[in-house]
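First up is the structure itself, then whatever we jot down about it.
Please treat every number below as a calculation from the coordinates, not as lab data. None of these values were measured; they are calculated from a predicted model. A quick note on method: Cβ atoms are made from the backbone with ideal geometry, for glycine too, and the neighbour counts reach across all protein chains shown.
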Amino acid sequence: MKILNVIGSNKKGGAEQFFVRHAQALQERGVSQSVVVRKGGWVEKRLGDSGIPLVSFPFGGALDFVTKRKMERLIKAEKPDVILSWMGRAAKHVPETEAPHITRLGNYYPLKHYKNCDYFIGNTPEITKYILDQGVEDGRVRYIPNFVQTKPAKPADRSIFNTPPDAPLILWMGRMTHSKGPDVVVEALSDVPGAYLWMAGAGEMQDALEAAVRQRQLESRVRFLGWREDIFSLLKAADVFVCASRHEALGNVILEAWAQSTPVVAARSPGPEHLIEDGRTGILFENGSPQSLAESLNQLIESPHERRRMGAEGNRYLSENFGREKIVDQYIDLFENARRSNGA
């Protein structure tokens, strides 16, 4: 069986990082695949020396007629048994073909770009229900969650970021945009005495966040780390991880924190509410409320026992429900079913 694995985005985000893990997992399982990525994008750079057959196309906007033509020629040459596309930019550039076209959705995207797709994957039950509610037949929709690396990492050296070894350490990671809620975290820190905050990421709000840190006189306790590749080491070094997104369809970062047995405090949103059992595998706080977040952080910081317990419960839940081999098995099963249904 041969898979054509297609993604058209150029940024580094949760979907792109999972795409990389997914492609690497298929390779390790011996699944034959070719990967099609956006030229010059983060995924191309990340998979460049992976040994996975890699093709890059422009994946431009409405006036890009090149990508679809190149895709047609590639499909004719490769003759894949199944095509898997990731998000709308990739899906709309895949031409109609004899091979079954599966697409994966990690958010509540309009389905107008997915008209040529035969099967749909939702990575949460809520997204799966959304696809069904748009009129897609039940037999064409499958719920398959994400997986993350579960191997314990070596904790990052706090001294590199001028952070005391015994200080409570809060970690936030992501794009510094309003939707991800970094401003909520900075404001909450004012009411969490003695705690340090690492902010790993970058984006349009960074200047405003740095200004807010200065305004609140928090410079001695906040560190801006930029984009990092050692996220699991950062998570292992942290006492608490915060997901403050104002809207989060899934929350890969929650799974990544659990992989390192790091307790999670997350804003109430569809993804975190699906993943977290409040008070057992993490704490859910009122979305957009710095006061609610500060209360939750203080609750965990004041109780090392609770931090250890919640981190362990999250790790256990991850292992039982989001193990890599289990999820890869589900993808391969869908590939096989799609191929059989197509008469291959």
Span from the the stretch 37-93 Cα centroid across to the the stretch 210-231 one, whole angstrom: 37
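Which of the chymotrypsin sites (Phe, Trp or Tyr not before Pro) found in the stretch 6-102 are in a DSSP loop and have at most 16 neighbouring Cβ atoms, other than their own, within 10 Å?
Of the chymotrypsin sites (Phe, Trp or Tyr not before Pro), the ones in loops of the stretch 6-102 whose Cβ has at most 16 other Cβ atoms within 10 Å are 65.
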Mean projected area (nm²) of the alpha-carbon convex hull when the stretch 1-83 is viewed from all directions: 5.3
Whole-number percent relative contact order across the chain, with pairs defined as alpha carbons under 8 Å at least 6 apart: 14
5 angstrom amide H check on residue 120, placed H, neighbours 5+ away: 103, 141, 142
Segments 267-277, 88-98 sorted - mean Cβ within 10 Å per residue, highest first: 267-277, 88-98
Euclidean distance of C-alpha centroids, the stretch 283-344 and the stretch 1-20, integer Å: 20
Residue-wise HN-Hα coupling along the stretch 84-95, computed from phi with Karplus coefficients 6.51, -1.76, 1.60 (Hz; x: Gly, Pro): 10, 10, 10, 6, x, 4, 6, 4, 6, 8, 8, x
Cross-link partners of residue 12 among lysines (Cα-Cα below 19 Å; sequence separation of 8 or more within a chain): 39, 45, 180
³J(HN,Hα) computed for each position of the stretch 138-153 - Karplus, 6.51 cos²θ - 1.76 cosθ + 1.60, integer Hz, glycine/proline x: 4, x, 9, 10, 9, 8, 9, x, 8, 10, 9, 5, 10, 5, x, 9
Selection from 233, 299, 261 lying farthest towards where the dipole of the stretch 158-321 points positive, charges on Cβ: 233
J(HN,Hα) series, the stretch 288-302, from Karplus relation 6.51 cos²θ - 1.76 cosθ + 1.60, nearest Hz, glycine and proline x: x, 9, x, 5, 5, 5, 4, 4, 5, 5, 4, 4, 6, 4, 6
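In percent, what relative contact order does the stretch 158-321 have, based on Cα pairs under 8 Å that are 6 or more apart in sequence?
It rounds to 22 percent for the stretch 158-321.
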Distant-in-sequence amide H partners of residue 285 (H built 1.01 Å from N, under 5 Å): 266, 267, 268
Pairs from 129/151; 68/112; 11/76 whose Cα-Cα separation, in the structure shown, is over 20 Å: 129/151; 11/76
Cα-based Kirkwood hydrodynamic radius, the stretch 158-321, one decimal, Å: 15.4
Acute angle (nearest 10 degrees) that the helix 324-341 long axis makes with the longest principal axis of the chain, alpha-carbon atoms: 20
Projected-area mean, the chain, by convex hull of Cα positions, square nanometres: 17.2
Sequence-distant residues sharing a close amide H with residue 222 (under 5 Å, placed H): 197
